[in-house]
Amino acid sequence: IANEIQRSLVPKQLPHVTGLSIAAHSENARLVGGDFYDALPTEDGSVLLVVADVMGKGVPAAMFAAILRTALRAAPEMLQHPAALLRRANQLLFDELSAVDMFITAHLALVNPREHQLTLATAGHSPLLVSTSQAPGFAALAPEGLPLGIKRDAVFPEQTLQLGESYRLLLYTDGLSDAQDENGKRYGQENLECWFAGTVGQCRTADEVRAALIKELKQHCGQRALTDDLTFLTVCNETTS
């Protein structure tokens, strides 16, 4: 039942945002997990991308993921302000999370395709990876911010980046870099970043990036089952080449 409830919270279809392609992938290590993603369009044609990871697995983690989803969607007037929205979510969830010694890490990334601009706020989450036509390689972005549920009055800084005419983004939970092969070797952050840098010029759309990353993970993991929930969101602008 909890699994069905959790599935009902996952976006059935990602929003169409002019100028962007967006794709997502999520797998639970157990029947029910604590990873969460969302994509929320705003009135000015931007989109707020959300990837979060509730500490732990099973029903309690899934319940807090559902509560976080509700908290974010209940404040449409704040979608263009990722840091303020994270602060509000932390204040709403703090008592419940701290009572059971749990916390949530999260990325909130606002992408404005018309201005080619990214605004990012982070609650103790893995770095967001971005590559642009303005610079070779990639950047790993993770503004300082405590996980939700650690400090009631936590403040979350924002980071803004001009993306240029061509760009791609990867938001993910640590289950991606922690994925293990049949000998227990982790895929690792360095491998993930090298793979991401190598996709420039090879994948034109978010769907192609998603398919390539799933293939990469399968080659690494082989028959090894996941030990942690794994979720990622990929974004490409429509002029990526």
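The values are calculated or read from the model by the stated rules, or taken from the named source; none is laboratory data. Computed from a predicted structure; not experimentally measured. Neighbour counts are summed over all protein chains in view; Cβ atoms, including those assigned to glycine, are modelled from backbone coordinates with ideal geometry. For the accessible areas, the whole protein counts, side chains as well, though only heavy atoms, and no ligand, DNA or RNA atoms are used. Shrake-Rupley method; radii C 1.70, N 1.55, O 1.52, S 1.80 Å.
The dipole here belongs to the chain: it is taken about the Cα centre, uses +1 on the Cβ of Lys and Arg and -1 on the Cβ of Asp and Glu, and is about 300 debye.
The distance linking the stretch 59-88 with the stretch 110-160 is 16 Å (Cα centroid to Cα centroid, whole angstrom). Here each label is just a point 7 Å from Cα along the line to Cβ, and for N3 and Q189 those points are 3.3 nm apart.
The stretch between D207 and K12 holds 68.6 nm of extra length on full extension. This uses 0.36 nm per residue minus the Cα-Cα distance.
Average accessible surface for the chain: 46 Å² per residue, computed with a 1.4 Å probe over protein heavy atoms with every protein chain in place. Each helix, a run of at least 4 DSSP H residues, gives -39500 (n - 2.57); summed and divided by the residues of the chain, these come to -9500 deg cm²/dmol at 222 nm.
In nm, what is the difference between 0.36 nm times the number of residues separating A225 and D44 and their Cα-Cα distance?
On the way: separation 181, 0.36 × 181 = 65.16 nm, distance 4.19 nm.
Contour length minus the Cα-Cα distance gives 61.0 nm.
Positive end of the dipole of the chain, charges at C-beta (+1 Lys, Arg; -1 Asp, Glu), about the Cα centre: which of H16, L49, Q91 has its Cα farthest in that direction? Going by the Cα projections, it comes out as H16.
The Cβ shell under 15 Å around I67 holds other residues with a net charge of -2, Lys and Arg each +1, Asp and Glu each -1.
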